[in-house]
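The structure appears below as structure tokens.
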Amino acid sequence: MAMDRHDKEKEMASVLLSALYADVISPSQIRDGFVILLESADDLAVDILDAVDILALFVARAVVDDILPPAFLTRAKKALPESSKGFQVLQTTEKNYLSAPHHAELVERRWGGSTHITVEEVKKKIADLLREYVESGDAVEACRCIRELGVSFFHHEVVKRALVLAMEIRTAEPLILKLLKEASEEGLISSSQMAKGFARLEESLDDLALDIPSAKSLFQSLVPKAISEGWLDASFMKSSGEDGQAQAEEEKVKRFKEEVVTIIHEYFLSDDIPELIRSLEDLGMPEFNPIFLKKLITLAMDRKNREKEMASVLLSALHIEIFSTEDIVNGFIMLLESAEDTALDILDASNELALFLARAVIDDVLVPLNLEDIGSKLQPNCSGSETVRMARSLIAARHAGERLLRCWGGGTGWAVEDAKDKILKLLEEYESGGVLGEACQCIRDLGMPFFNHEVVKKALVMAMEKKNDRMLDLLQVCFNEGLITINQMTKGFTRIKDGMDDLALDIPNAEEKFNFYVECAQKKGWMLASFGSSVGDGSSKAVAAT
């Protein structure tokens, strides 16, 4: 909002961020906020003249004001395409602002200065009062000077500079520790500002070590002293390690998101499901499968019906090959939790999300019970909860299956229904004396390899009904030729197992026959070894034998 207003508001925005920093907005949130701005720089440039230059100045000001570390620029550059406006912003920040002589003063004054004392002036006053204190040893006078600065939100800088001084002048360490202790006990420096000062120093230890080789070991000795004397919270030791881990995890998630956006865009162009699955497996990050689902549907919602249809079809394939039901559920929960934000950018996002959810149930990716599970994990009156209710209504409507398969204007969804009929016909033809090779060719001609579990399911049901185990010969050949994968074979058996209660009503010995088929499949190596323990938990019975 400030970018689209006058210099006065831009200055006020920068001052406000400095005041909020540490006490209200964490350093990682500041970083994330600037990343979001940089990622949306191309869109901002459409509405705001000189958006690149203005945003570059905001980034430079954040670095000068000490709320963004200089290393942020290098990290952010790696995450942005070189052709993007966000990348240009960072280049402008470096070349036009941060590399200029006296850049701090220039950046501080660029929007006409402010009624507030500038950060650069505060830093100088802090440095002067600390040096005077080290010479005089008068802690009362030093505390008075700190109070007079009138920048309580910036007291972490007092802590940081005091600790650096203790490292530079080893004889000054006892005095520095005494001052910080007294400032803490008086309530002059808050516990959050104290912890933030230590954290800021910890972040800059690598650079500091160039001037003070023993900086890291000195810092490690100062922390326990401060904790034992009660003026640094003991949680700092724990949070310090956790922050490092959290940052590493953030970087990992960011890299994953960048990779999958490219993979999804390629899929929308090529419609090549096996290639996408190979690319996902190559990434080797199955723990982020829910994030992939969220990205896939968010990107599809912002495109045409063709891509929405492709996203729904892809979910079916992923569920069969590499995604667990838990992955799918968690992905939808992430989507629904951020539904209100999504609605700011995508018209009718709530209705479209409801269609994706309902379609996932029709496609056997989710079961109705999963919708209850998803709904229970959302806030009762939030936009996401309303979307789940809408999805339930869509599923309950007359002819829901046919309508939802056509929800994106027909296409592959309807082809799935058509494929079920074709599978039934080819199996009936084979069962009544057809040729194995011809049956395999018909399966291949369907051109829907992600749906071959339906062949397995219908073949097993037919074998039970006709009391003819000839179908097992077909499955054996399909498996030998790689036409039906071990995952699809397992999924087909799983669908039968989940629908056993209903099947037994029509085929009295269904369970006995099924157990025989399972034993046969396991001997021949058709199924995953985990079949016996990981499936049949009842979670899918609500859509048994669809």
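The values are calculated or read from the model by the stated rules, or taken from the named source; none is laboratory data. This is a predicted model, so every value here is computed, not measured. With ideal geometry, Cβ positions are generated from the backbone for all residues, glycine too; neighbour counts draw on all protein chains shown. Surface areas here come from the heavy atoms of the whole protein model, side chains and all, with no ligands, DNA or RNA. Shrake-Rupley method; radii C 1.70, N 1.55, O 1.52, S 1.80 Å.
Candidates in segment 414-425 are the residues that are open to solvent by less than 60 Å² (accessible area, probe 1.4 Å) and either under 19 Å from residue 517 (Cβ atoms) or hydrophobic (A, V, I, L, M, F, W, C) (or both); of these, the one that is modelled with the highest pLDDT is 423. Does segment 258-273 contain at least one residue that is under 23 Å from residue 454 (Cα atoms), in a helix (DSSP H, G or I) and either at pLDDT below 90 or in contact with a Leu (Cβ under 9 Å, 6 or more places away or on another chain) (or both)? Yes. Can residue 67 be described as open to solvent by less than 60 Å² (accessible area, probe 1.4 Å) and over 25 Å from residue 29 (Cα atoms)? In short, no. The residue of segment 426-467 that is most open to solvent (accessible area, probe 1.4 Å), among those that are under 15 Å from residue 492 (Cα atoms) and basic (Lys, Arg), is 458. Each residue in segment 106-140 was checked for being among the charged types (D, E, K, R), under 25 Å from residue 6 (Cβ atoms) and either at pLDDT 95 or above or open to solvent by 70 Å² or more (accessible area, probe 1.4 Å) (or both), and 4 of them qualify.
For segment 41-55, filtered to residues that are at pLDDT 85 or above and not in a helix (DSSP H, G or I), the residue that is surrounded by the fewest Cβ atoms within 10 Å (Cβ to Cβ) is 50.
Of all residues in segment 343-385, exactly one satisfies the criterion of being at positive phi and open to solvent by less than 30 Å² (accessible area, probe 1.4 Å), namely 364.
Any residue in segment 56-63 that is exposed (fewer than 15 other Cβ atoms within 10 Å of the Cβ) and modelled with pLDDT of 90 or more? For segment 56-63, residues exposed (fewer than 15 other Cβ atoms within 10 Å of the Cβ) and modelled with pLDDT of 90 or more: absent. Screening 174, 224, 213 for residues that are outside any helix (DSSP H, G or I) and open to solvent by 20 Å² or more (accessible area, probe 1.4 Å) leaves exactly one candidate, 213. Only residues that are in a loop (DSSP other than H, G, I, E, B), open to solvent by 30 Å² or more (accessible area, probe 1.4 Å) and closer than 30 Å to residue 157 by Cα were counted in segment 21-40, giving 3.
Taking segment 56-97 as the range and being within 26 Å of residue 256 (Cβ to Cβ), touching a residue at least 60 places away in the same chain (Cβ under 8 Å) and not in a helix (DSSP H, G or I) as the test, only 69 passes.
Summed over segment 141-153, residues that are part of a helix (DSSP H, G or I) and open to solvent by 10 Å² or more (accessible area, probe 1.4 Å) total 8. The residue that is modelled with the highest pLDDT, among those in segment 21-40 that are within 19 Å of residue 78 (Cβ to Cβ) and polar (S, T, N, Q), is 40. Whenever a residue of segment 229-257 is farther than 26 Å from residue 183 by Cα, its partners that are at pLDDT 85 or above and open to solvent by less than 40 Å² (accessible area, probe 1.4 Å), lying with C-beta atoms within less than 6 angstrom and at least six residues away or across chains, give the pairs 254/79; 256/285; 256/288. The helices (runs of 4 or more DSSP H) found wholly in segment 468-525 and carrying at least 3 residues that are touching a residue at least 60 places away in the same chain (Cβ under 8 Å) and buried (at least 20 other Cβ atoms within 10 Å of the Cβ) occupy 486-498.
Taking segment 465-504 as the range and being among the polar types (S, T, N, Q) and under 19 Å from residue 430 (Cα atoms) as the test, the residues that pass are 468, 476, 480.
Taken as a whole, the condition of being assigned to a loop (DSSP other than H, G, I, E, B) and free of Cβ contacts under 8 Å to residues at least 24 places away in the same chain applies to residue 101.
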